[in-house]
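Engineer: Dropping the structure in here first, questions after.
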Amino acid sequence: MEETLATPSETPRVNYLNARYGLKSWLLTKDHKRIALLYLGGVSLFFLLGGIYAMLIRIELLTPKGDLFQSQTYNKVFTQHGIIMVFFFLIPAIPAVLGNFLVPIMIGAKDLAFPRINLLSWYIYMLGGILTIWALLSGGVDTGWTFYVPYSTNFSNTYVVLAGLGVFVSGFSSILTGLNFIVTIHTMRAPGMTWFRLPLFIWSHYATSLIMILGTPVIAITVLLVALERIAHIGIFDPRLGGDPVLFQHMFWFYSHPAVYIMILPSMGVISELIANFSRKNIFGYSFVAFSSIAIAVFGFLVWGHHMFVSSQSIYAGMIFSFLSFAVAIPSAVKVFNWSATLFRGSVSYDTPMLYGLGLIGLFLIGGMTGLFLAAIGLDVHVTDTYFVVAHFHYVMVGGTLMGYLGGLHYWWPKISGRMYPESWGRFAALIIFVGFNLTFFPQFVVGYMGMPRRYHAYPDIPIWQVLNVMSTAGATILGFGMLIPMVYLIWSMRYGRAASANPWALPGLEWRTSSPPPTENFTVTPVVTWEAYEFAPPEELKVIGKLEPRDRADYPPDYPAYTES
Amino acid sequence: MAEGHAITHEGAGAQREHHAHAALAHHFDNLEQQREAGTIGMWVFLVQEIMFFGGLFLAYTVYRWQFPAAFVAASNHLNVRLGATNTIVLIVSSLTMALAVYYAQTGSRRNQLIFLLVTMALGTTFLVIKGIEYYDKYRDHLIPGSLIPGRPFHWDTVQHPLPIGVSEHNLEMFFWIYFAMTGLHALHMIIGLGILAYLVYYAYKGRFTPEYHAPVEISGLYWHFVDIVWIFLFPLLYLLGRHLEH
Amino acid sequence: MSGNVDALFFYLVGVTIFFSVLISGMVIFFAIKYKRRTPFEIPRPIAGSLKLETMWTVVPFVIAMSMFVWGADVYFKQYRMPRDAMEVYVVGKQWMWKLQHATGQREINQLHIPVGRKVELIMTTEDVIHSFFIPEFRVKADVVPGKYTRLWFEATKSGTYHLFCAEYCGTNHSGMIGSIVVMEPADFDNWLSGGAGQQSPVAAGQNLFQNTLGCASCHGDNGQGGRGPALTNLLGSSVPIQGDGTVVADENYMRESILNPTAKLVAGYQPIMPTFQGQVSEEQLIQLIAYIKSLSPQRTSGITTTARPANTQANNNAPATQSSPAANSQNANTTTRHGGRSRQ
């Protein structure tokens, strides 16, 4: 180790960040890592916007009276919060940012299979985003993110077509990303990287891509039909023509339920990485965790009807969907048990990413278990369309996806930026976010079971309802504050952070066997994989693959050795 | 970026060819891998397309089951001769496309060009015939809703008396689905023609060789898919139920 | 009325607490016990255990199935309509609930019902989807354009309960609220008689059937049949339809047959009935169907039979947006909680 410490000068001078300069080199890049950063910018922007809307909702609900906004303004606020967060943050967040950056590196490829399509997907995403923002600026949209007909087609007098087109367009970005991942994972794995040596992050992205390919086109055509129906004043969901509005719900949820798995599966992949790597132990029951991702992707397509238990679908259909919804809970439970068991006799560190990882297990546990309440059909009748549902899906999406995203972002930040984030600030923010999140959403379970319907601008003046809503708003304030901390210090660290070594956590994954940040083609030579996933080895065996160009000694972090080939 | 790196491992098949083909993208090891990626990519894309059309097929099924009489009545108003002609045109174009792929594989630039152009011509024929059909519908006021401003849907009850119990609204629903499905299909045809034009350009430049012809193959997959969609549309829209009335 | 659902709820809460404590306890315990001690220690790998995997697949599955069966049972009871219920017709519109009792009383955003009597709502909407939600009774059902949905409940305690619209329906969605006033049976009878003089839905339907729409010319003056099939004793019966199979005649079938007669044509009849789509309002449809249902006396509920269409009144097709002043004054003392409507 003494010897390796003595050769720190061998990290590359040239990496993907400084290989070229100028705006053009970014906007026309075909490098998956740069595209990931473009996505990071877009996604952060939309997250900020969606977050502002969330705060407005919470402030309005401080009092039972609708005193901050007019009803229609409030309706626009929650609609836009939903559309932006679901379609422009949650769905692309992990796959398009972390997945884009890491899928090729983790399997030892030079890039995704179709770099130009990858860049195209970012432009499509931004185009969809711009259309949506245009809709917001023109006056907004008030249909709810679910676009239920016939309200959206015949009754709303807001900018439904524009917003719908935004969702339609951005769907194709998701389809192209999924297509790229599937092809890349199938054809571009490095020699020796067999399917069962793949990190679980890759498995979960593979499962996610399947859903993107099979589900997204359905919502694309559905939203397109809604937009056409508004333009032509006629269409297949129109009750006047004998059309069935419930058909829309079937088509909408056929995608939008699996879409929840587009959000949560990548996060499960991140957590698998975090739990295994930060306890320095192989994942307990690797193949069970891997196949549970695929099982979730498959079963996820068979449960959409559980959003419609009270929608007038037949009671027998309801029972089948209820049964299948319980079935899809099992692979999720398997994952949670395996993660917990992985910690057993491990070497658990409390670095920031791990804090997010451990916190996520807790939040996902509550989110998942309350899902059972909604799958139990007799109980769902009462709690559906109330704040109970709102709390449940925020536990899954925010508690699950956002926590996974932040955990992953911290974990791979040294690789992405070549800099370390400030660890103590990281831990502090993780704690604040965890507390703020629970305070925001836990009271909503209670008020929901008491019967407070969702999407209510004003609610009956019942003291306990207001108390719970005030708690929720207080929590949201803490959560919002907590979110700002990483935003600030991550940006700060890009310039002022301590330079990161190739392998700051001393881990065996392929992404840690190239420099931080990696060169444009990820590895200077094609790696040959001879180890299993999560096969931990002494630091001196975890060498950077290939020769690296020298760089100044002064840049080098003092605390971890550089594991370079001597 | 692809300047020959030293090969340091023994991984057979994964080695970058020493004299890399000009068409080999920098991030693939060899042409075989690149071709495989393209083919899988197209198949995955077609799966996506099936789901995309699937939404409309679902709507068709639901409403056909709900309004059988109206669908039969409206379906009888479609021109089955033109529809059948178009079916034949497309099937032949699939054959010529397959031949174009074959000649790309065997390296005959002339035959490849000929068949690509014939395929394009057939595709254009299809669109022209489709246009004639659309014009007929326009003339007969059968374009649903206010798609054409100032020319709302109107079923000529004098010439085609409404079957009793069938409402004009249900007929309109049929035509809405008809235009949505055939319109989306026609859009795919137009995109297909664009791809063919691209292929013709590069085939003319002699880009495709027995060694490298993946784009022709992959575009062929797309073309066949668009044909197959029509093979489903034709009986569903034009033929089903026709015998009930005659 | 809320007991079944609450019992299930608390069972699920129990299971959730158990597993949350178990797993978080495990995670915290492991995280502390196996805290990293030296920077590069490498714990012994543990591949996994088929026994454990099987256990934590099977045990959750069994528990989930218990929830499924219980939940399905609760739901089944909720959605199997009772035979002897008192029927109330509900039409939702942006942003109010219009209700009409079988005896004719109309109400807006308020429903008076007696304690201890099963109440069945037959609901539809004039515009968008709404959802009829009474949290206290743990019941909810969407109200969908183009069809009838139903909901039943039985209040066990008098009092005033919240009524919400639970499906987002536009600008004033949060104002589409009202109250369910549950009264002692004697008070309720008293209240009902206060609304006397209003035409019952059955009577209105009879008028439409015999006079306004001329249904009687084919189906017979009293629905005994003619060129069209007989409508007596139709409700709930199994009707053979042209082509193949049978269909159970419920409100949705009647509705479809009025609006789209050829969809499921009764076997042996010609498709000669014109469509009434666009010619009857939602409320008239409900009245027609109420009348047709009244022709099946042994199948209908008690309350509709007490209001036989004997006292046919003058044709009164006034839009039903007005609630009876009599009904309102009768209940001036009940607290209503639909203050939201004034809050625009």
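The values are calculated or read from the model by the stated rules, or taken from the named source; none is laboratory data. Because the structure is a prediction, the values reported are computed rather than measured. We place every Cβ from the backbone using ideal geometry, glycine too, and count neighbours over all the protein chains shown.
Engineer: Among the residues of the stretch A:86-100, are any part of a loop (DSSP other than H, G, I, E, B) and either in contact with a Leu (Cβ under 6 Å, 6 or more places away or on another chain) or in contact (Cβ under 8 Å) with a residue 12 or more places away in the chain (or both)?
Structural biologist: Among the residues of the stretch A:86-100, not one is part of a loop (DSSP other than H, G, I, E, B) and either in contact with a Leu (Cβ under 6 Å, 6 or more places away or on another chain) or in contact (Cβ under 8 Å) with a residue 12 or more places away in the chain (or both), which makes the answer no.
Engineer: Which residues, taken from the stretch A:225-236, are facing chain B (nearest Cβ under 9 Å) and either in a helix (DSSP H, G or I) or within 32 Å of the chain's Cα centre (by Cα) (or both)?
Structural biologist: Across the stretch A:225-236, the qualifying residues are A:Leu225, A:Leu228, A:Glu229, A:Ile231, A:Ala232.
Engineer: Just to check your reading of the model, which residue among C:Ile32, C:Ile17 is free of Cβ contacts under 8 Å to residues at least 60 places away in the same chain, more than 20 Å from A:Leu372 (Cβ to Cβ) and of a type outside the set (Lys, Arg)?
Structural biologist: The conditions single out C:Ile32.
This table checks each residue for (1) in contact with a strand residue (DSSP E or B) (Cβ under 9 Å, 6 or more places away or on another chain); (2) in the same structural domain as C:Thr124 (by TED's automatic domain parsing); (3) hydroxyl-bearing (Ser, Thr, Tyr); (4) on the phi < 0 side of the Ramachandran plot.
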position: C:Pro60; (1), (2), (3), (4): no, no, no, yes
position: C:Ala64; (1), (2), (3), (4): no, no, no, yes
position: C:Phe68; (1), (2), (3), (4): no, no, no, yes
position: C:Gly71; (1), (2), (3), (4): no, no, no, yes
position: C:Lys77; (1), (2), (3), (4): no, no, no, yes
position: C:Met81; (1), (2), (3), (4): yes, no, no, yes
position: C:Val90; (1), (2), (3), (4): yes, yes, no, yes
position: C:Gln94; (1), (2), (3), (4): yes, yes, no, yes
position: C:Leu99; (1), (2), (3), (4): yes, yes, no, yes
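Engineer: Tally time: how many residues in the stretch A:307-318 are within 8 Å of chain C (Cβ to nearest Cβ) and either within 23 Å of C:Val59 (Cβ to Cβ) or small (Gly, Ala, Ser) (or both)?
Structural biologist: Summing the residues that are within 8 Å of chain C (Cβ to nearest Cβ) and either within 23 Å of C:Val59 (Cβ to Cβ) or small (Gly, Ala, Ser) (or both) in the stretch A:307-318 gives 3.
Engineer: Restricting attention to helices (runs of 4 or more DSSP H) lying wholly within the stretch C:151-235, give those where 1 or more residues are under 27 Å from C:Asp84 (Cβ atoms), away from chain A (no Cβ under 14 Å) and in contact (Cβ under 8 Å) with a residue 24 or more places away in the chain.
Structural biologist: C:185-194, C:201-207
Engineer: Quick check on the stretch B:138-147. Is at least one of its residues within 30 Å of B:Thr209 (Cβ to Cβ) and of a type in the set (Phe, Trp, Tyr)?
Structural biologist: no
Engineer: Taking the criterion of being farther than 30 Å from A:Ile236 by Cα and either in the same structural domain as C:Asn252 (by TED's automatic domain parsing) or of a type in the set (Asp, Glu) (or both), would at least one residue in the stretch C:170-180 satisfy it?
Structural biologist: Scanning the stretch C:170-180, I find no residue that is farther than 30 Å from A:Ile236 by Cα and either in the same structural domain as C:Asn252 (by TED's automatic domain parsing) or of a type in the set (Asp, Glu) (or both), so the answer is no.
Engineer: Mind checking whether some residue in the stretch C:119-140 is more than 14 Å from chain A (Cβ to nearest Cβ) and in a strand (DSSP E or B)?
Structural biologist: yes
Engineer: Moving on to the next point. Out of all the residues in the stretch B:156-190, which are farther than 30 Å from B:Tyr222 by Cβ, within 13 Å of chain A (Cβ to nearest Cβ) and not hydroxyl-bearing (Ser, Thr, Tyr)?
Structural biologist: If the condition is that a residue be farther than 30 Å from B:Tyr222 by Cβ, within 13 Å of chain A (Cβ to nearest Cβ) and not hydroxyl-bearing (Ser, Thr, Tyr), then B:Gly165, B:Val166, B:Glu168, B:His169, B:Asn170, B:Leu171, B:Glu172, B:Met173 are the ones that fit.
For every residue, the table says whether it meets (1) assigned to a strand (DSSP E or B); (2) more than 7 Å from every other protein chain (Cβ to nearest Cβ); (3) small (Gly, Ala, Ser); (4) surrounded by fewer than 19 Cβ atoms within 10 Å (Cβ to Cβ).
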| residue | (1), (2), (3), (4) |
| --- | --- |
| C:Ile28 | no, yes, no, yes |
| C:Ile32 | no, yes, no, yes |
| C:Ile46 | no, no, no, yes |
| C:Met55 | no, yes, no, yes |
| C:Val58 | no, yes, no, yes |
| C:Val88 | yes, yes, no, no |
| C:Glu107 | yes, yes, no, no |
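Engineer: Within 14 Å of another protein chain (Cβ to nearest Cβ), over 18 Å from the mean Cα position of the chain (by Cα) and either within 25 Å of A:Met452 (Cα to Cα) or outside any loop (DSSP other than H, G, I, E, B) (or both), is that true of A:Thr73?
Structural biologist: Spelling it out, A:Thr73 is indeed within 14 Å of another protein chain (Cβ to nearest Cβ), over 18 Å from the mean Cα position of the chain (by Cα) and either within 25 Å of A:Met452 (Cα to Cα) or outside any loop (DSSP other than H, G, I, E, B) (or both).
Engineer: Taking the stretch C:171-189, which residues are aliphatic (A, V, I, L, M) and either touching a Ser or Thr at 6+ places or on another chain (Cβ under 9 Å) or buried (at least 21 other Cβ atoms within 10 Å of the Cβ) (or both)?
Structural biologist: C:Met176, C:Ile177, C:Ile180, C:Val181, C:Val182, C:Met183, listed by residue number.
Engineer: Would you mention how many residues in the stretch A:147-157 are touching a residue at least 12 places away in the same chain (Cβ under 8 Å) and buried (at least 21 other Cβ atoms within 10 Å of the Cβ)?
Structural biologist: Qualifying residue count, the stretch A:147-157: 7.
Engineer: I would also like to ask the following. Got a sec? Which of A:Arg427, A:Arg455 is charged (D, E, K, R) and part of a helix (DSSP H, G or I)?
Structural biologist: Sole residue among the options that is charged (D, E, K, R) and part of a helix (DSSP H, G or I): A:Arg427.
Engineer: Another one. So, in the stretch A:322-355, exactly how many residues are touching a Lys or Arg at 6+ places or on another chain (Cβ under 9 Å), facing chain C (nearest Cβ under 7 Å) and assigned to a helix (DSSP H, G or I)?
Structural biologist: Of the residues in that region, 1 qualify.
Engineer: Something else: Could you check, for the stretch C:270-283, whether at least one of its residues is farther than 17 Å from C:Val88 by Cβ, more than 13 Å from chain B (Cβ to nearest Cβ) and either in contact with a Gly (Cβ under 6 Å, 6 or more places away or on another chain) or not in a loop (DSSP other than H, G, I, E, B) (or both)?
Structural biologist: The answer is no; no qualifying residue exists.
Engineer: From A:Met494, A:Met452, grab the single residue that is more than 25 Å from A:Gly269 (Cα to Cα), surrounded by fewer than 20 Cβ atoms within 10 Å (Cβ to Cβ) and either more than 27 Å from the chain's Cα centre (by Cα) or not charged (D, E, K, R) (or both).
Structural biologist: Testing whether each residue is more than 25 Å from A:Gly269 (Cα to Cα), surrounded by fewer than 20 Cβ atoms within 10 Å (Cβ to Cβ) and either more than 27 Å from the chain's Cα centre (by Cα) or not charged (D, E, K, R) (or both) leaves just A:Met494.
Engineer: While we're here: State whether one or more residues within the stretch C:295-304 are at pLDDT below 50, within 13 Å of another protein chain (Cβ to nearest Cβ) and within 30 Å of C:Trp95 (Cβ to Cβ).
Structural biologist: no
Engineer: If you don't mind, there's one more thing I want to ask. Please go through the stretch B:141-158 and give me each residue that is touching a Gly at 6+ places or on another chain (Cβ under 8 Å) and surrounded by fewer than 20 Cβ atoms within 10 Å (Cβ to Cβ), ordered by number.
Structural biologist: B:Pro152
Engineer: Looking at this structure, is B:Phe71 over 16 Å from the mean Cα position of the chain (by Cα), in contact (Cβ under 8 Å) with a residue 40 or more places away in the chain and more than 7 Å from chain A (Cβ to nearest Cβ)?
Structural biologist: Spelling it out, B:Phe71 is indeed over 16 Å from the mean Cα position of the chain (by Cα), in contact (Cβ under 8 Å) with a residue 40 or more places away in the chain and more than 7 Å from chain A (Cβ to nearest Cβ).
Engineer: Any idea which of A:Ala537, A:Ala476, A:Ala500 is within 14 Å of chain C (Cβ to nearest Cβ) and not hydroxyl-bearing (Ser, Thr, Tyr)?
Structural biologist: Just one listed residue meets the conditions, A:Ala537.
Engineer: Going by the conditions given, is B:Glu133 acidic (Asp, Glu), more than 25 Å from B:Gly206 (Cβ to Cβ) and within 16 Å of the chain's Cα centre (by Cα)?
Structural biologist: Against the criterion (acidic (Asp, Glu), more than 25 Å from B:Gly206 (Cβ to Cβ) and within 16 Å of the chain's Cα centre (by Cα)), B:Glu133 does not qualify.
Engineer: Report, ordered by the first and then the second residue, all pairs with beta carbons closer than 6 Å, sequence separation of six or more or different chains, a first member in the stretch A:326-353 that is within 15 Å of C:Trp56 (Cβ to Cβ), and a second member that is among the aromatic types (Phe, Trp, Tyr) and part of a loop (DSSP other than H, G, I, E, B).
Structural biologist: A:Asn338/A:Phe284; A:Ala341/A:Phe284; A:Thr342/A:Phe284
Engineer: On to the next question. Taking interchain pairs and intrachain pairs at least six residues apart, which have beta carbon atoms under 6 angstrom, with the first residue in the stretch B:121-137 and among the aromatic types (Phe, Trp, Tyr) and the second buried (at least 16 other Cβ atoms within 10 Å of the Cβ) and part of a helix (DSSP H, G or I)?
Structural biologist: B:Phe126/B:Asn86; B:Phe126/B:Val89; B:Phe126/B:Leu90
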